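Everything below concerns the one structure shown next.
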Amino acid sequence: MGNTIRSIIAFIPSNSCQKYLLGDLEEMPIDKMVDLSSMQLRRFPLRVCAFTELVKLYLSDNNLNTLPPELELLQKLQILALDFNNFKVLPQVVCSLKQLYILYLGNNRLRDLPPELSYLKNLQTLWIECNYLTQLPTVICELSLLKTLHAGCNPIRQLPNELKNLKELRSIWLSGTLLTEFPRVLLDMPFLEVIDVDRNGIRFFPSLVHLSNLKLVIYDHNPCRNAPKVAKEVRRVGRWSEETPEPKKRFEVETELEKGVDNKEIQHSAPVETTENKENPLDITTAVS
């Protein structure tokens, strides 16, 4: 019942209704954070724009599809969460918040991002997962300080070559997209530390040994017949990773079988060794198998 009442009140922009939604929030919170998540909001409460010193604003899990131009007053915002709403287009006012370094846009209805997103020169973390993006917006490649990009669960089939210009990018998450090939551009990004291509349609993985900063690669749930080759200290998550060896190719199996036959023939023809000459007897059939 409470959610129903809140949903109805959220439509009405009167001061009394906004006071109901914001509770006792009359002045700037000490922690400079306002959390209006899961409030059934359909309109952004304008009273929040009076808190010009606000640093964190959470509007997750509401029914928002627009934001007022007055939001531009919050020029000190560093974290803005708009995930789990109904945005079909990113409101232009968001691109005016130039101090943002974390922006959550996941689980909306976005099909693209505006070119004005490039104004967010301080942005370091961008979440755009679970939208309707059929390609990675090239404007993202202009966010020179971006360190983390979450773009999974979008119908993306390839990545723009300009992505390699993001020299600060350290982790890219592409789980649940429509990749059928490992993105070649990632091979030109030795600064990457985490690559997640879980749940795609990739059938073959090229060697990633040359990616000198790589620490983790997640490639599970792909129809591949090989694991990506990586440097010694890199962790792999997927079939044939550290815990399970890669399946041997047919010619490798045949070669091992031939060596096993040859070794057995040598063993039978060689002189019998005494126990004093064999401190650690080796069962050659076990070694082959």
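The values are calculated or read from the model by the stated rules, or taken from the named source; none is laboratory data. Bear in mind that the values here come from a model prediction, so they are computed numbers and not experimental data. We place every Cβ from the backbone using ideal geometry, glycine too, and count neighbours over all the protein chains shown. Just so you know, the surface numbers come from the protein's heavy atoms only, side chains and all, with ligands and any DNA or RNA stripped out. Shrake-Rupley method; radii C 1.70, N 1.55, O 1.52, S 1.80 Å.
Taking the range 151-164 as the range and being surrounded by 15 or more Cβ atoms within 10 Å (Cβ to Cβ) and not in a loop (DSSP other than H, G, I, E, B) as the test, the residues that pass are Leu163, Lys164. Residues of the range 119-130 that are open to solvent by less than 30 Å² (accessible area, probe 1.4 Å) and outside any strand (DSSP E or B): Leu120, Leu123, Ile128.
If we scan the range 22-44, do we find a residue that is of a type in the set (Gly, Ala, Ser), closer than 19 Å to Val89 by Cα, assigned to a loop (DSSP other than H, G, I, E, B) and modelled with pLDDT of 95 or more?
Within the range 22-44, the subset of a type in the set (Gly, Ala, Ser) is 23, 37-38.
From the residues that got through so far, the ones that are closer than 19 Å to Val89 by Cα too are none.
Among the residues of the range 22-44, not one is of a type in the set (Gly, Ala, Ser), closer than 19 Å to Val89 by Cα, assigned to a loop (DSSP other than H, G, I, E, B) and modelled with pLDDT of 95 or more, which makes the answer no.
Just the residues that are farther than 17 Å from Leu192 by Cα and either in contact with a strand residue (DSSP E or B) (Cβ under 6 Å, 6 or more places away or on another chain) or open to solvent by less than 20 Å² (accessible area, probe 1.4 Å) (or both), please, taken from the range 136-150. Of everything in the range 136-150, those that are farther than 17 Å from Leu192 by Cα and either in contact with a strand residue (DSSP E or B) (Cβ under 6 Å, 6 or more places away or on another chain) or open to solvent by less than 20 Å² (accessible area, probe 1.4 Å) (or both) turn out to be Leu136, Pro137, Val139.
Among residues of the range 135-148 that are over 14 Å from Arg170 (Cβ atoms), those with a beta-carbon under 6 Å from a residue that is assigned to a helix (DSSP H, G or I) and open to solvent by 20 Å² or more (accessible area, probe 1.4 Å) at least six positions away or on a different chain give the pairs Thr138/Glu162; Val139/Pro115; Cys141/Glu162; Cys141/Asn165.
Is there any pair with a first residue in the range 56-70 that is on the phi < 0 side of the Ramachandran plot and a second that is aromatic (Phe, Trp, Tyr) whose Cβ atoms are under 6 Å apart and which are 6 or more apart or on different chains, and what are they? The qualifying pairs are Ser60/Phe84; Asn65/Phe87; Leu67/Phe44; Pro68/Phe44. Just the residues that are farther than 16 Å from Val237 by Cα and surrounded by 21 or more Cβ atoms within 10 Å (Cβ to Cβ), please, taken from the range 193-211. The one that is farther than 16 Å from Val237 by Cα and surrounded by 21 or more Cβ atoms within 10 Å (Cβ to Cβ): Leu211. Taking the condition of being free of Cβ contacts under 8 Å to residues at least 12 places away in the same chain and at positive phi, how many residues in the range 218-242 meet it? The number of residues fulfilling the criteria is 0.
Here are Leu133, Leu178: which of them is surrounded by fewer than 19 Cβ atoms within 10 Å (Cβ to Cβ) and assigned to a loop (DSSP other than H, G, I, E, B)? Talk me through it step by step, then tell me what you get.
Numbers: Leu133 fails: surrounded by fewer than 19 Cβ atoms within 10 Å (Cβ to Cβ).
Result: Leu178 is the single residue among Leu133, Leu178 that is surrounded by fewer than 19 Cβ atoms within 10 Å (Cβ to Cβ) and assigned to a loop (DSSP other than H, G, I, E, B).
Within the bounds of the range 245-255, is there any residue that is at pLDDT below 95, of a type in the set (A, V, I, L, M, F, W, C) and over 25 Å from Leu133 (Cβ atoms)? Yes, the range 245-255 contains at least one residue that is at pLDDT below 95, of a type in the set (A, V, I, L, M, F, W, C) and over 25 Å from Leu133 (Cβ atoms).
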